[in-house]
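Notes for the one structure printed next.
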Amino acid sequence: MEEPPGTPGPVERPEPGAGAPIGRRLFLGIVGAGIAGVALGSRLEGAVGSALSGIANENGSGLGALVPGAERFRLYTVTGSFPAVAAARYELEVTGLVARPLRLDLDELRSLPRTELRADFQCVTGWRVPNVAWAGVHLGALLDLARPEPGAHAVAFRSYDGVYTESLTLAQARRSDVLVAYDMLGVPISQAHGGPVRLYVAPMYGYKSIKWLRSIELVDRATPGYWEQEGYAVEAWVGRSNGRHDAPTA
Ligand SMILES: Nc1nc2c(c(=O)[nH]1)N[C@H]1C(S)=C(S)[C@@H](COP(=O)(O)O)O[C@H]1N2
Ligand SMILES: [Mo]
């Protein structure tokens, strides 16, 4: 899925995801490697996107009206592939400055109190998907189970892709619209979307919502994440950062 020409976004530095959607190079690589399922997956996502593209622009950004296809997900990865993390083998660790480190499998995660919410998903490159259904566990509730120690002021996230990182302050992590998500769009999160488990940070740009979530570490202060080291805002509020003026998502 290449970015539509003219998509607004910074040009002087890499864009979160813009260098790594399912572009022609990766598409050929995938087909060449014979992983046809991944390519098919991306076509299915495209079908979901075109179903959504009939929805009128409701977000006030004007982008939906200006950029064809702006209301569909791009499938991003910075490693050139989508890590395969089987649901049956999935584990999430909560470590660091906690009294009770946790290791949860997917059944354990799903047995915790479930939270559902709907909100727009906005990438800092300009595309926005309206009214996405999410379900999972409040990140704050998970942190409470691990009992953060007094010196813990931030949360560091790592991905099963081995490369991508993100962070939040502890106060941000405790917001009610921040989920450790296992369902998205009404179904278990697909491999391409970061399943079995990803983060969803409703009020912030998409790069905060780390896919293939592997570990959550309580730390004294935040280290800038993968894209933040390229200059994107650590405080990634939609509409109030990165020089953009999008309508808030939450
Ligand atoms: N592990 C990982 N998480 C990631 C990314 C990524 O490349 N790798 N891209 C981020 C960006 S920039 C966006 S906009 C969203 C895109 O989510 P999607 O691929 O489900 O559309 O994932 C975020 N989380
Ligand atoms: Mo993004």
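The values are calculated or read from the model by the stated rules, or taken from the named source; none is laboratory data. If you're wondering where the values come from, they're calculated on a predicted model, not measured in any experiment. Backbone-built Cβ (ideal geometry, glycine too); neighbour counts: all protein chains shown.
Tell me, which residue of segment 119-164 that is more than 16 Å from ligand 1 (Cβ to nearest atom) and under 16 Å from the mean Cα position of the chain (by Cα) is nearest to Val178 (Cα to Cα)? Quick ask: steps written out before the conclusion?
Keep residues of segment 119-164 that are more than 16 Å from ligand 1 (Cβ to nearest atom), which gives 137-138, 140-154.
Still in the running and under 16 Å from the mean Cα position of the chain (by Cα): 137-138.
Details: Val137: 9, His138: 6 Å.
Among those that are more than 16 Å from ligand 1 (Cβ to nearest atom) and under 16 Å from the mean Cα position of the chain (by Cα), it is His138.
In a loop (DSSP other than H, G, I, E, B), surrounded by fewer than 23 Cβ atoms within 10 Å (Cβ to Cβ) and out of contact with any Lys or Arg (no Cβ under 8 Å at 6 or more places or on another chain) - does that describe any residue in segment 210-221? Checking segment 210-221: at least one residue is in a loop (DSSP other than H, G, I, E, B), surrounded by fewer than 23 Cβ atoms within 10 Å (Cβ to Cβ) and out of contact with any Lys or Arg (no Cβ under 8 Å at 6 or more places or on another chain).
Residues being surrounded by fewer than 20 Cβ atoms within 10 Å (Cβ to Cβ), within 13 Å of Ala202 (Cβ to Cβ) and of a type in the set (Gly, Ala, Ser) are entirely absent from segment 149-157. Restricting the first member to segment 64-80 and to residues that are on the phi > 0 side of the Ramachandran plot and surrounded by fewer than 20 Cβ atoms within 10 Å (Cβ to Cβ), and the second to residues that are among the aliphatic types (A, V, I, L, M) and at pLDDT below 80, the beta-carbon pairs closer than 9 Å and six or more apart or on different chains are Gly69/Met1; Gly80/Ala20; Gly80/Leu26.
Out of segment 68-81, which residues are under 13 Å from the mean Cα position of the chain (by Cα) and more than 7 Å from ligand 1 (Cβ to nearest atom)? Answer for segment 68-81, where residues must be under 13 Å from the mean Cα position of the chain (by Cα) and more than 7 Å from ligand 1 (Cβ to nearest atom): there is none. When Val234, Val201, Val197 are screened for being surrounded by fewer than 23 Cβ atoms within 10 Å (Cβ to Cβ) and modelled with pLDDT of 95 or more, only Val234 passes.
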